1. If you take every DSSP beta bridge whose two residues both sit in the range 2-168, what share of them, in percent to the nearest 5, is antiparallel?
2. Which aspartates and glutamates have a Cα less than 14 Å from the Cα of K39, not counting those fewer than 8 places away in the same chain?
3. Provide the FRET efficiency to the nearest 0.05 for the K481-L46 pair, computing r from the beta carbons and using R0 = 45 Å.
4. Compute the whole-percent fraction of alpha carbon pairs in the range 145-188 spaced more than 16 Å apart.
5. Give, in nm to one decimal, the length gained when the segment between K260 and K403 is fully stretched (0.36 nm per residue of separation minus the Cα-Cα distance).
6. Stretch L141-K442 to full length: gain in nm at 0.36 nm per residue minus the Cα-Cα span?
7. What share of the DSSP beta bridges in the chain is antiparallel, in percent to the nearest 5?
8. Mind listing the long-range amide H neighbours of R293? Cut-off is under 5 Å, sequence gap 5 or more, other chains count too, H placed in the peptide plane at 1.01 Å from N.
Amino acid sequence: MLIIPVFEKLPPQVGTKAQNLALKALLRKLANAKEFEPKEGRIFYLYEKKQILLGLGNVKKINVAGIMSAFGAATKTAKNHPTQKLSVIITEELLPFTQSIAEAVSLANYQPSAAYKTGKAAEKLKKEFIAEFIPIFNKSLSREQVETAKKNFQRGLEIGKTANEVKDWVNAPPNFATPQFFDELAKKIGKETGAKLTILYKKELQKLGMNTLLAVNRGSPDDARLVILEYTPKNADKKLAPLALVGKGIIFDSGGYNLKPRGHIEDMQLDKAGACVVFGLAKLLPKLNLKQRVIIVAPITESLIGKNAFKPSEIIKTYAGKTVEITNTDGEGRLILADAIAYTIDEFKPKFLIDIATLTGACMVALGDRYAGILGNDKELAEKLQKAGDETDELLWPLPIHKDFSEKMKGVYADLRNADLGSERFAGASKGAAFIKEFVGKTPWVHIDIASPAFTTDPKKYEQKGATAFGLRVLLRFLEKLE
Ligand code: BES
Ligand code: ZN
């Protein structure tokens, strides 16, 4: 099958002169019959030729989001007419978008793991999967242009493939994606990339005093762990401070004794999306040309109820020494991040630290599912990330941490509390970040709240319902630019 991009008011470019002319005639016929116009995202399937005409609109107005949406839609059309190979024509106008196109086709190709279905349903999932994507370049392009575009296409496919793996991990239910599953995953990534793996288990966490991570874990039959992957690039500059990325890894968020009600608890396997994204990133680090070491950290545990589970009113001493009153057990993400972040800063003294977490329902209310919230103490870093988001269609929008929000996170009995009481309906995303800020100190830091875009019921054209791997591509682009 072949995707043929068509711009408004531009002659189509499929191949030979004769082919181009034939297509031009067909497009005129289709336009007259009002069957197809090349508006952005419009699709016409030519059954006999196994070709998809893909409208891309006005060439002057194309952007990453529109291109990804269009190519995502075209890929899904191809999947409806099962095909093993999908070729994509890349014209000169599309050259700057080659990587995004490859990401979009690959992301749209995602099929939820067939492992959970049996019989015909499992077969169908496997059959719809497109095995190969092939870029086809116009003859008019120079050799250099083609070489670069080929590389970009390949890179886009690799990123898409990893994003799809991340989706599998995020979608995986807690009886499959167990803490042991993440041990194995981290081991595999360590082996593949040469990153040094350290997993801190219960005894070490106790010794270090990571009591908030341990408190959240108390209701779970499986121990918590802190997974650390230290990646040193081939031509690392040893003098440079490393970069640190920390992802929230709550395998299932029941809410604890502040139990989540029906309508809120069902998809809480998604609460490990931050950890899955940083693991996906770890896999791709060798593809980058970084000079700095990168430290990937993920605190992993479930938050359940039971006779040992932590309760509202408990006071816990954090790794950093500050004490926290538990005012809401459902604010568990900030608790495990507090210990993980403070430890990472102590141990690795990073140049900057980015954490990514499905932290608050409030962020979802504030920004809807097309934006992740971005907060922190370093404007320049946040702006760089936001720009990378615009370039990858993983959009970020800034939210404030006012000092009054920090005030609200002070405890009555202890130094801090993990949730505001009284005005808890307001500025929830900001207060979550205000809590984490207490554990960051002077290290430049950005917090990305992906509660909303990590998982979707209203997928974009290149997404599916469920996990989106949101965060992987924006972080990757951001790191690429540090090269
Ligand atoms: N895992 C949730 C956040 C979340 C909500 C993610 C919806 C995805 C979709 C988080 O642990 C949580 O429950 N946060 C609380 C914080 C509150 C208790 C301070 C929230 O948002 O209500
Ligand atoms: Zn929670």
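1. Of those bridges, close to 20 percent are antiparallel.
2. Result set, ordered by chain and number: E8.
3. For K481 and L46, the calculated efficiency is 0.65.
4. 53
5. 48.6 nm
6. Computed gain between L141 and K442 is 103.4 nm.
7. If I count the DSSP bridges inside the chain, around 40 percent turn out antiparallel.
8. Those lying under 5 Å, H to H, from R293 are L243.
The values are calculated or read from the model by the stated rules, or taken from the named source; none is laboratory data. Source: prediction; values computed, not measured. Methodologically, a virtual Cβ is constructed for each residue, glycine included, from the backbone with ideal geometry; neighbour enumeration extends over all protein chains shown. Accessible surface areas use protein heavy atoms only, side chains included; no ligands, DNA or RNA. Shrake-Rupley method; radii C 1.70, N 1.55, O 1.52, S 1.80 Å.
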